[in-house]
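Asks: Below is one structure. I have some questions about it.
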Amino acid sequence: MRRAIFPGSFDPLTCGHLDIIERSLPLFDEIVIAVLNNPEKNPMFSVEERCEMIGAVLREIETEKCLLTVDSFSGLTADFARKKEAIAIVRGIRAVADYEYELRMALMNRRLEPSIETVFLLAAEEYSYVSSTLMKQVFTLGGRVEGLIPKAIEAKMREKADSGN
Ligand code: PNS
């Protein structure tokens, strides 16, 4: 069983994240989308909301061989990966700017858990500037984010904006 975790904040999941998930499907038997529980970052969505939204989006993806699951975690990614008996940590690289941060994290994770490899996948060019932070900012200020955020997630953002919390 070749299991990988794909850790992140996913606040919210973007089409860039989805692109990385789809690219990782042929590489593993199971991918656990690992949602970091980070309340101090004052997220737009609670960790429960994020897991539920991601689960709904994942159900739309055709996967014959690879199981896609969602879980949340607190603490170290390396500890969570070990607990899940994962062989790899998947991370997406959008542009050179991501590399230094990702390199530091990968090396630290390797030091914490030498048996787990970080696997970097390159995001599609059209998503190279897409981040959750940018999407939230543009959405909140009334800009268009369609095509950059899965439709179901955009609907949840709208719901949240309309309800005022
Ligand atoms: O989507 P993000 O916010 O870029 O994801 C960052 C994440 C969650 C992968 C990173 O912050 C993380 O791994 N946090 C858990 C704490 C941890 O393990 N820190 C040391 C990593 S070197």
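Asks: Please find, in a Gaussian network model of the chain (springs between Cα atoms separated by less than 10 Å), the residue of Gly147, Gly92, Gly16 whose mean-square fluctuation is greatest.
Replies: Gly147
Asks: Roughly speaking, what is the stretch gain from Ser46 to Thr140, that is 0.36 nm per residue apart minus the C-alpha to C-alpha distance, in nm to one decimal?
Replies: Between Ser46 and Thr140, full extension yields 32.1 nm more.
Asks: With every protein chain left in place, what is the accessible area of Cys51 in Å² (1.4 Å probe, nearest 10)?
Replies: Looks like 30 Å² after rounding.
Asks: Also: Helix 96-112 sits at what angle to the longest principal axis of the chain, using alpha carbons and giving 0 to 90 degrees rounded to 10?
Replies: 50
Asks: Only bridges whose two residues both fall in region 1-151 count here: according to DSSP, what percent of them are antiparallel, nearest 5? Show your work: numbers first, answer last.
Replies: Details: 0 of 22 bridges.
Percent antiparallel among DSSP bridges in region 1-151 is about 0.
Asks: On to the next question. Rounded to two decimals, what is Rg over Rh for region 27-80 when you use alpha-carbon atoms and the Kirkwood radius?
Replies: Values: Rg = 12.5 Å, Rh = 12.3 Å.
Ratio of gyration radius to Kirkwood radius: 1.02.
Asks: On to the next question. Over the chain, with the other protein chains present, what is the accessible area per residue in square angstrom, probe 1.4 angstrom?
Replies: Values: 9530 Å² over 165 residues.
Each residue of the chain exposes 58 Å² on average to a 1.4 Å probe.
Asks: Moving to a separate point now. For Glu85, Glu154, Glu159, Glu64, give me the order by solvent-accessible area with a 1.4 Å probe, most accessible first, ignoring ligands, DNA and RNA.
Replies: Glu64, Glu85, Glu159, Glu154
Asks: Follow-up question, since we're still on this one. Express the carbon and sulfur contribution to the solvent-accessible surface of the chain as a percent, rounded to the nearest whole number, probe 1.4 angstrom.
Replies: Details: 4880 of 9530 Å².
The value for the chain is 51 percent carbon and sulfur by accessible area.
Asks: So, counting K/R as plus one and D/E as minus one, what does the shell of residues with Cβ under 11 Å around Lys65 add up to?
Replies: Values: positive: Arg2; negative: Asp29, Glu30, Glu62, Glu64.
Taking every other residue near Lys65 into account, the sum is -3.
Asks: Hand me the tally of lysine pairs in region 3-163: alpha carbons under 21 angstrom apart, and the pair either on different chains or 8 or more positions apart.
Replies: Details: Lys41/Lys136; Lys41/Lys156; Lys41/Lys160; Lys65/Lys84; Lys136/Lys151; Lys136/Lys156; Lys136/Lys160; Lys151/Lys160.
Within region 3-163, the lysine pair count is 8.
Asks: For region 28-156, what is the charge dipole size about the Cα centre, in debye to the nearest 20, if Lys and Arg each add +1 at the Cβ and Asp and Glu each add -1 at the Cβ?
Replies: Details: 16 positive and 21 negative charges, 69 e Å.
Magnitude of the dipole: close to 340 debye.
Asks: Could you give the longest part of the chain that holds none of the trypsin sites (Lys or Arg not before Pro) found in DSSP loops with at most 12 neighbouring Cβ atoms within 10 Å?
Replies: Details: sites that count: Arg2, Arg59, Lys65, Arg144.
Between exposed loop sites, the widest span is 66-143.
Asks: Per Stokes-Einstein, at 20 °C and 1.002 mPa s, what whole-number D in µm² s⁻¹ belongs to the chain, with the Kirkwood radius over Cα pairs as the hydrodynamic radius?
Replies: On the way: Rh = 16.3 Å.
The estimated diffusion coefficient comes to 132 µm²/s.
Asks: Can you give me the three principal axis dimensions of region 71-143 from its C-alpha atoms, in Å, biggest first?
Replies: Cα spread of region 71-143 along its principal axes, largest to smallest: 44, 26, 18 Å.
Asks: To the nearest 10 degrees, how steeply does helix 15-24 sit against the main Cα axis of the chain, on a 0 to 90 scale?
Replies: Once rounded, one gets 30 degrees.
Asks: Could I ask something else about it? If you take the beta carbon distance between Glu62 and Arg110 as r and set R0 to 35 Å, what does 1/(1 + (r/R0)^6) give as a FRET efficiency, to the nearest 0.05? Mind dumping the intermediate values first?
Replies: Working: r = 33 Å, r/R0 = 0.94.
So, using R0 = 35 Å, E works out to roughly 0.60.
The values are calculated or read from the model by the stated rules, or taken from the named source; none is laboratory data. These numbers come from a predicted model, not from an experiment. Cβ: placed from backbone, ideal geometry, glycine included. Neighbour counts: every protein chain shown. When the accessible area is computed, the model is the full protein with side chains, heavy atoms only, and any ligands, DNA or RNA have been set aside. Shrake-Rupley method; radii C 1.70, N 1.55, O 1.52, S 1.80 Å.
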